[in-house]
Amino acid sequence: MGTSARLLVVDDEPRTAEITAELLRRAGYAVDVALSGREALASVRSGTPDLMLLDYEMPDMDAPEVLDQLRSGAERLAFPVIILTGARPSPGDQVIGIERGAADYIAKGTDRQVLLARVRGVLRDRAAPVGRVTVRGRLRLDMAQMQATLDGRSLKLEGRPLTALHILAERPGEVVSRSELLERAWGSTYSGFEHSVEQAVHEVRRALGEPGWIETVRGIGYRFTQR
């Protein structure tokens with residue numbers, strides 16, 4: 001994804017929104033601005049951005065509420081969202097945002113070059129070609145299409161749960177630690193997000209609908225056991 005990517009900055013403070021937008025425009029991005037959660041949702045409906053930078057706390061909706069609205073219906077985010085925070089965010093807030101689909105958190109006032117690097121990183125991850133098709137017995141993972149099937153039945157998996165399953169399936173019989181899953185699927189080393197890993201594995205098991213595919217190795221991580 002080049003610098004022609006279209007970004008949407010969402011912040012209820014007009015001056016802050018414009019400062020962020022101008023920084024991104026100078027970096028070569030096309031940038032739209034929304035001043036509320038509802039305005040952001042309306043903007044997305046009229047045209048999907050390549051990336052949204054979303055203020056955590058706004059008068060009409062906070063970031064998790066906006067993420068819930070974006071996930072409704074199709075049950076997926078068609079684009080990455082970076083949450084912009086003030087002094088507010090606690091680890092619990094961050095976990096909620098990540099579990100609801102946020103790609104990253106950036107504190108307002110972060111160095112401009114760091115912000116641009118994080119934006120470039122998220123866009124690069126979105127555009128990067130994904131590895132080959134992986135087949136493990138009756139399970140088939142096509143990460144280019146972000147699809148998983150079991151006996152030809154499409155599994156309702158996407159995003160990080162699907163990525164976590166792919167990481168495990170690529171290394172059958174090997175224990176993969178929670179911290180490695182967290183770093184590779186979430187792009188974070190913050191241990192407070194480990195609950196998100198557990199929730200993702202729970203979603204994978206529920207989608208598979210059969211026991212025995214993924215074994216919990218207590219205190220360490222998980223092992224893919226079917227081949």
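Some values worked out for this structure:
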{"read-out": "Ordering of 161-173, 206-218 by burial proxy (mean other Cβ atoms within 10 Å per residue, highest first)", "value": "161-173, 206-218"}
{"read-out": "P(r), alpha carbons of the range 19-75 - 10 Å bins starting at zero, rounded %", "value": "21, 53, 24, 2"}
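Values quoted throughout were computed directly from the atomic coordinates according to the rules given, and no laboratory measurement underlies them. These numbers were taken from a predicted model, which means no experiment stands behind them. Here Cβ is always computed from backbone atoms with ideal geometry, including for glycine, and neighbour counts include all displayed protein chains.
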